[in-house]
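Everything on this sheet refers to the single structure shown next.
The values are calculated or read from the model by the stated rules, or taken from the named source; none is laboratory data. Fair warning: this is a prediction, and the values are worked out from it, not measured in the lab. Cβ placement follows ideal geometry from the backbone for every residue including glycine, while neighbour counts extend to all protein chains displayed. Only protein heavy atoms, including side chains, enter the accessible area calculation; ligands, DNA and RNA are left aside. Shrake-Rupley method; radii C 1.70, N 1.55, O 1.52, S 1.80 Å.
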Amino acid sequence: MEFGNELLRNLEGDGLWTVITFKTPSGPGKTLEKLVNVLEEAGWRVTFRANWWTADIPYGVIRVDVRKGDREKILLGKWILGEKCELIGIENMSLERGRDEFFRMVDSITSTLIYDPVIRTMREQY
């Protein structure tokens, strides 16, 4: 990904969550695969990955939990289809802010995801 270096720098920052907003020319599966490759090539071990998207508009949310040594991070990506891969925003967040942002982003896709067992389990974790 064109913004891989900036993403990796932010993963070293404070806060449990690193939240990115970006454009991608790829579909949901390929976009998730590209992010995971950037993380793994930098030595992060992926412990969880999920991808939710809408069929109505080209928009989705990616969550990737990673570990490197004794450091844990949760990468939350909000993506929209575009002509090229482009970073719009990136921010590190605390546990509480990141959790709230995650549920806000998922809820913005569709309220029917509330019944998704993965989403329900994550809500119960917090």
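Some points to look at:
- Unique match (being at pLDDT below 75 and either touching an Asp or Glu at 6+ places or on another chain (Cβ under 8 Å) or open to solvent by 30 Å² or more (accessible area, probe 1.4 Å) (or both)) among ILE114, ILE119: ILE114
- Look at region 4-20: where a residue is in contact (Cβ under 8 Å) with a residue 12 or more places away in the chain and farther than 7 Å from ASN92 by Cβ and a partner is hydroxyl-bearing (Ser, Thr, Tyr) and in a loop (DSSP other than H, G, I, E, B), sitting 6+ places away or on another chain with Cβ atoms under 7 Å, you get LEU16/SER94.
- Restricting attention to region 87-104, the residues that are under 14 Å from THR21 (Cα atoms) and touching a Phe, Trp or Tyr at 6+ places or on another chain (Cβ under 6 Å) add up to 4.
- Residues of region 77-97 that turn out to be over 18 Å from ASN10 (Cα atoms) and of a type in the set (A, V, I, L, M), as a count: 2
- Residue pairs whose Cβ atoms lie under 6 Å apart, separated by 6 or more positions or on different chains, with the first residue in region 53-67 and farther than 15 Å from PHE103 by Cα and modelled with pLDDT of 95 or more and the second in a strand (DSSP E or B) and open to solvent by 60 Å² or more (accessible area, probe 1.4 Å), are ASP65/THR47; ASP65/PHE48; ARG67/ARG45; ARG67/THR47.
- Residues in region 42-96 that are aliphatic (A, V, I, L, M), assigned to a strand (DSSP E or B), over 18 Å from GLY4 (Cβ atoms) and open to solvent by 60 Å² or more (accessible area, probe 1.4 Å): 2 in all.
- Only a single item in (1) within 16 Å of LEU32 (Cα to Cα); (2) of a type outside the set (Val, Ile, Thr); (3) modelled with pLDDT of 95 or more is not met by ASN92, and it is number (1).
- Pair list, Cβ under 9 Å, 6 or more apart: region 32-47 residue more than 14 Å from LYS68 (Cα to Cα), other residue open to solvent by 70 Å² or more (accessible area, probe 1.4 Å) and of a type in the set (D, E, K, R): LEU32/ARG49; LEU35/ARG49
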